[in-house]
Amino acid sequence: MISPLKFPRKLFISKLFILSVVTYTIIFSLTAFLNQKSFLQRYTSKINSQINIHYAKWRNNFLTTEYNLESNPEFLHQLHDLKQQEILTNDDLWFLREDSQLSIPLELEIPHYFESEILVKPMIQHFDPRFTLAVYMNYLTQFETQDKIKFHWSDWVDMTKLYKYILNPHKGESADLCDKLFNILAKTEEPDKVHNFRDYCSADYDGFLGFKINEFTGPQTLENREILGKAYLYSSAPSPFKIVFLTNDDRSIEFEVDSLENDRKNSLLSNGYIHSMMKNGGILHKKDIVNVADAFKGFIKNRLESKSTESKKVKDGVSTLTKSHIIMNESDFDFTKEDIDNVLKQDFSELPHFSEQNYYRGVEFSSSTNDPPKYFGEAKMIKEVDGFMHGEHYDWRFFNGLILEHEDQILSLHRLIKNYLNFCRTNGIKTWIAHGSLLSWYWNGMGFPWDNDIDVQMPIRDLHKLARHFNQSLVVENIVGKDGQFDGMGRYFIDVGSSITHRKNGNGNNNIDARFIDVDTGLYIDITGLALTDEPAPSRYDILIQMDPNKKAAVENSKERNEGNLDHLVKNQQLQAYNCRNRHFNILDELSPLVKTIVENQVSYVPKNFLVPLNNEYDVKSIIEKDFKEYIFVNNLRIWMKTQSILDYFKKIGRPSELNLFKDLNSIKSFNKEVRKLQLNKLDIEDHLNLLKNNKYFKEFFTSKEFTKFHELELEQLSKDPVDYNVDEFIKEVKEFTLPELNIGKPLKADLFMNKVFQDSKTYDYNKKIDEVLKLTKEYINEIEDLTKKSKQERNKKSSE
Ligand SMILES: *[C@@H]1O[C@H](CO)[C@@H](O)[C@H](O)[C@H]1NC(C)=O
Ligand SMILES: *[C@@H]1O[C@H](CO)[C@@H](O)[C@H](O)[C@H]1NC(C)=O
């Protein structure tokens, strides 16, 4: 059963002593190694990174039990039992059931009111991504020549929170909805931070809501936050320029929208798509049923395999990134004055695509303003709201409630990175994960459980490519994966800021260049571009100039030309040092070549010398210390657990706390920390199994174990020689000999919508929702008729008086 304390006290103390000595020696020597001595080596020697990773690993596991649980039959057996017990009874774990694929509800009935044009339609088509996507894909398959599509946001984003406004028969008479809803001055102690509601809200008596949200709104209450973005999308926001459907074979299929105008007539309720689709001979086998997976399969087969349409429908001139290494050069990071002038010379009114026209206008605006306004709007809240500061992590337009530490957040972020990486790769856009996302990848290939956003970088030239072709595009996830199984239905909006030609911090308004936004949650990926500028580079790079006579001479010469002042542009050129607008610097040699690797089970690229930026930004400690914030890395399971949940477990089973043995040492803080870690690291196999009884950890471990094991093996290869590493070959090898179930490309976590359907399986019923809205609509119409009658009578009365 539960194992008692294993160390005799003496051994424990001596281990502790060794640990302290070793810790300080390693940290000291590593820090010295990285920060003082061999700068040149640091950027050129591959041995360097090898040492770091091996040191880190050794240090991580010095006091830790290492069980290799995956090859322990007893553990596997008990894990299997645990799984059987848990998943049968728990809707939370539906994603792990063997038959989950079979039970995913992919089919929906087409609501009966679409059968004939004369039937009363509801005011709203209840949102269900299965319905929207299946209908669009079926329609585009049946009408092959169609290459533009009609669009209204209400088919793509859940507007349920607006129903009470849309279906309010009295909205026409109520005096001033803007004032009634959005005047919150009395609710906050900081009224000066609140925007005047008249600036963003206008009355719209004939419209569908009774009011109209025209632009970003400043801090608000939580309830208002949840309607403002949706109201904007419903009544004012322009349509995206393009819809980009990701396929499951590294391609994507694009459609421009018919019109940018926000017009409800373009929604599925009134755009006629469903009717034409039904008239045109039914949908697959049954006339009134759509199946989102079948629709997807038919759609990509039709659009990708029919040679006649291929050249037209699949984007020309873009090649998927497939190489195991991508060499970048100076020109990737320098979108020159000449490049910009070339853009501006074009007569953009002649261009056929919204996106290109918009890009030319964007570059023109950017290069003609010195003081660009802040571009992105987050879901800001007044400080009276619990957790108001977390609003910063959501785009205001797509905000759908605070989901901090909620499972939805983890699902949303996992799909964000999956779709972002696949979108960029298939469209030839070079990008890599950066900052905290790179650090979390280092540990187990996954995101940190406490993350609330994702950071990526790209060269400035790729940012221009993104802006030119994909600014204001909506990206749709591949519904079915390579293996023929359901994959996901995520939708993502690409938004590129309006000051792309500004490459320095400037007024500090726009540190982020672009965002890839989950339209279901408003969570996003922050994209920053790296470019050559005259922003001063950090002094850590100075030694590279000092040690190279040519570079030194070039920098000295520039001083002479520049009245004795250092010309930072010349210096950065010599260093090949590039910065984002938040002044994060990297030099080319840290980044290039990008190495193909796997991030959260998706194909990606990381900088060749990824440890160097990590050390620059977070210090070597970040890859050595296993506890971070209130979490600790459990190396045998390769997941992060809350330290408290392990301590609670110890308490529950009555394991004595060694902290008590060392009361007299309490004053030595770091020593104390080591003691705690030592205790946490002494988990035996049974402890591991017991900890996995927590559903959250079970789910995390069970879904990621093949991939995180792969990551561990991959990291060893990468540290030997990143430039020789070939991920495709390595995957083959690992699959053959170690991890037969490894399935790269497959999402490791549930689809956000399907997860809701399963967890509310008792309450979520599409047909019922449709009927509800229809009923409300009929009531609405009756009431409106009554109201009209009444006012007519009153008028008659008045005129007869
Ligand atoms: C940089 O690379 C691109 C292709 O990736 C190539 O066309 C260009 O000539 C290179 N430029 C320099 C300065 O090497
Ligand atoms: C992206 O599109 C938005 C909206 O049209 C525009 O304001 C912005 O300037 C565009 N960005 C670029 C770089 O063109």
Using the charge dipole of the chain (Lys, Arg: +1 at Cβ; Asp, Glu: -1 at Cβ; taken about the Cα centre), state which of 112, 649, 443 has its Cα farthest towards the positive end. 649
So if I take the centroid of the Cα atoms in the range 557-636 and the same for the range 469-513, what is the distance between those two points in Å? 22
Just how large is the dipole of the chain about the Cα centre, in debye to the nearest 20, putting +1 at every Lys and Arg Cβ and -1 at every Asp and Glu Cβ? 1200
Given labels modelled 7 Å from the Cα in the Cβ direction, how far is it in nm from residue 383 to residue 552? 5.3
Which one, 127, 573, 767, is farthest towards the positive end of the dipole of the chain when Lys and Arg carry +1 and Asp and Glu -1 on their Cβ? 573
The range 128-186 and the range 213-277 have their Cα centres apart by a whole-number Å value of 8
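Can you list which of the trypsin sites (Lys or Arg not before Pro) found in the range 681-772 are DSSP loop residues with at most 15 other C-beta atoms within 10 Å? If you can, show how the numbers build up before the last one.
Numbers: sites: 682, 693, 696, 699, 705, 709, 720, 732, 735, 749, 756, 762, 768, 769; in loops: 682, 693, 749, 762.
Counting only loop positions with at most 15 other Cβ atoms within 10 Å, the trypsin sites (Lys or Arg not before Pro) in the range 681-772 are 693, 762.
Before rounding to the nearest 500, sum -39500 (n - 2.57) across all DSSP H runs of length at least 4 in the chain and divide by the residue total; then give [θ] at 222 nm in deg cm²/dmol.
-13500 deg cm²/dmol
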Do any cysteines of the chain lack a neighbour Cys whose Cβ is under 4.7 Å away, and which are they? 424, 580
Sites residue 187 and residue 732 - FRET efficiency at Förster radius 56 Å, r taken between beta-carbons, to 0.05: 0.40
Loop only per DSSP, at most 12 neighbouring Cβ atoms within 10 Å: give me the GluC sites (Glu not before Pro) in the range 587-649, ordered by residue number. 630
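For Cα pairs less than 8 Å apart in space and 6+ apart in sequence, what is the mean separation divided by the residue count of the range 378-508, i.e. the relative contact order in percent? Intermediate results must be reported in sequence, preceding the final value.
Details: 119 pairs, mean separation 21.1, N = 131.
Normalised by residue count, the contact order of the range 378-508 is 16 percent.
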Please give the FRET efficiency for residue 778 paired with residue 265, using the beta carbon to beta carbon distance and R0 = 22 Å, rounded to the nearest 0.05. 0.55
Within the range 368-401, what residues put their amide N at less than 16 Å from the label point 7 Å along the Cα-to-Cβ vector of residue 507? 368-377
With label points set 7 Å from each Cα along the Cα-to-Cβ direction at residue 120 and residue 195, the distance between them in nm comes to 3.8
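Only Cα pairs under 8 Å and at least 6 apart count here; give the relative contact order of the chain as a rounded whole percent.
Values: 1206 pairs, mean separation 137.7, N = 801.
About 17 percent, as a whole number.
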I need to check one value: relative contact order of the range 454-565, counting alpha carbon pairs closer than 8 Å and at least 6 residues apart, in percent. 25
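Of the beta bridges DSSP finds with both residues in the chain, what % are antiparallel, to the nearest 5? Intermediate values should be presented prior to the final figure.
Working: 49 of 62 bridges.
Bridges in the chain that DSSP calls antiparallel: roughly 80 percent.
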Once you have the Cα-Cα distance between residue 341 and residue 797, take 0.36 nm times their residue separation minus that, and quote the gain in nm to one decimal. 157.1 nm
Testing the spin-label approximation: label points 7 Å from Cα along Cα→Cβ at residue 746 and residue 539. State their distance in nm. 5.3
Check every DSSP H run in the chain and write down those whose alpha carbon atoms cover 30 angstrom or more along the long axis and whose mean Kyte-Doolittle hydropathy is 1.0 or greater. 9-32
Evaluate E = 1/(1 + (r/R0)^6) for residue 651 and residue 82, where r is the Cβ-Cβ distance and R0 equals 25 Å; express this FRET efficiency to the nearest 0.05. 0.70
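Which value, in debye to the nearest 20, describes the size of the charge dipole of the range 393-463 about its Cα centre when Lys and Arg Cβ atoms bear +1, Asp and Glu Cβ atoms bear -1, and nothing else is charged?
Numbers: 6 positive and 8 negative charges, 89 e Å.
Dipole size: approximately 420 debye.
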Positive end of the charge dipole of the chain (Lys, Arg +1 and Asp, Glu -1 on Cβ, about the Cα centre): tell me which of 506, 373, 787 has its Cα farthest that way. 506
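Coordinate-derived values only; no laboratory data. Keep in mind it's a predicted model, so treat the numbers as computed, not measured. No Cβ is skipped: glycine too gets one built from the backbone with ideal geometry, and neighbour counts run over all protein chains shown.
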